[in-house]
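Here is the structure we will look at.
Bear in mind that the values in this text are calculations on the coordinates, not laboratory data. Model, not experiment: these values are computed from the prediction. We place every Cβ from the backbone using ideal geometry, glycine too, and count neighbours over all the protein chains shown.
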Amino acid sequence: MTPVLHVPAFEDNYIWLIRGAPGQVAIVDPGDAGPVLDFLARERLTPAAILCTHHHGDHVGGVQDLLRRHAIPVYGPARERIPGLTHPLAEGDRVRLPELALEFAVLDVPGHTHGHIAYYGAGMLFCGDTLFSAGCGRLFEGTAEEMYRSLTKLAALPPDTLVYCAHEYTAANLRFAIAVEPDNAEIRAYQREISERRARGEPSLPSTIGRERRINPFLRAAEASVRRAAERHGGRRLAENVNVFAELRRWKDDFRG
Ligand SMILES: [Zn+2]
């Protein structure tokens, strides 16, 4: 299995470092250069590439400072303004990183932002602010339809795919998931597991696609129990799964659990 290291940044961001042999890493969404440079020096690692999922500052804010120290390629969405971008990407493109013996497929996952992309390869998914464990990103630039289509695309990946989200939101997301599905025993078991892991100071991530399909309300709009909860909250019948998704997203936006 490819080792993936995490560098915490800001309040709750994770900057993922995908490790290849020998001592080389690809840096995913470096919102801040300081903690990454410290980590690279301490662990004697050399960066080989930067992979960006979308243009938000807490994902790209450290790119220029990293480039001042390391002349490395920057991969990112073609449809967004990414500092230092050398390899503009869209769905169908592949990222080949021979230094890391890794290759990723690029998926378009609009919704959180217009041009948001995800990287999928070697059994791993780096999905930025699109899919979180037990949650999903806010709709800052896209529509509910776009986000629902993007999440459906990610949910169709193999169940054992490791999901590396960009934020530690899992515990708060699980409180919402329980409000939606109070009778889902797996959500409660997962909540206990996560609170133990967090108490030990460990990240809750990675998750897996299979687990998310069982516990993440935003991937479960087709479930009768989730639809009923969304209809109760919205006070009206919801015709399509995407309407259920949109109601869940509105509900979560105001949820204080
Ligand atoms: Zn974002």
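Data table
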quantity	calculated
Residue order, fewest to most surrounding Cβ atoms within 10 angstrom, among Glu247, Glu223	Glu223, Glu247
Relative packing of 138-147, 120-129, which averages over residues the other C-beta atoms within 10 Å, highest first	120-129, 138-147
Principal axis dimensions, the stretch 169-257 - Cα atoms, whole angstrom, descending	43, 26, 20
Ranked packing of 151-157, 50-56, 102-108, most packed first, by mean Cβ within 10 Å	50-56, 102-108, 151-157
Gaussian network model of the chain, springs between alpha carbon atoms under 10 Å - residue of Arg68, Arg149, Arg175 with greatest fluctuation	Arg68
Selected from Pro47, Pro217, Pro35 as most flexible by GNM, with the chain as the system and alpha-carbon contacts under 10 Å	Pro35
222 nm mean residue ellipticity, helices alone, for the chain (DSSP H n ≥ 4; -39,500 (n - 2.57); rounded to 500)	-10500 deg cm²/dmol
Rounded if a/c under 1.5, otherwise prolate or oblate - the stretch 98-243, Cα gyration tensor axes	oblate
Whole-Hz ³J(HN,Hα) from phi, Karplus 6.51 cos²θ - 1.76 cosθ + 1.60, for the stretch 95-105, glycine and proline x	9, 10, 10, x, 4, 9, 6, 10, 9, 10, 8
Residue order, fewest to most beta carbons within 10 Å, for Glu80, Glu212, Glu11	Glu11, Glu80, Glu212
Sparse-neighbourhood loop sites, chymotrypsin sites (Phe, Trp or Tyr not before Pro) in the stretch 158-229 - DSSP loop, at most 16 other Cβ within 10 angstrom	none
Full-stretch length increase - Glu223, Ala156 - with 0.36 nm per residue and alpha-carbon distance subtracted	22.5 nm
Interchain or long-range residues, amide H under 5 Å from Gly135's placed H	none
For the stretch 55-60, Karplus couplings with θ = phi - 60° (6.51, -1.76, 1.60), whole Hz, Gly/Pro x	7, 4, x, 6, 10, 10
Computed over the chain, Kirkwood Rh from alpha-carbon pairs, angstrom	18.6
Estimated vicinal HN-Hα couplings, Hz - the stretch 211-222 in sequence order (Karplus 6.51, -1.76, 1.60; Gly, Pro = x)	4, 4, 5, 8, 10, 8, x, 6, 9, 10, 4, 7
Residues whose placed amide H lies under 5 Å from that of His70, excluding near-sequence neighbours	none
5 angstrom amide H check on His167, placed H, neighbours 5+ away	Tyr14
About the Cα centre, charge dipole magnitude for the chain (Lys/Arg +1, Asp/Glu -1 at Cβ), debye	440
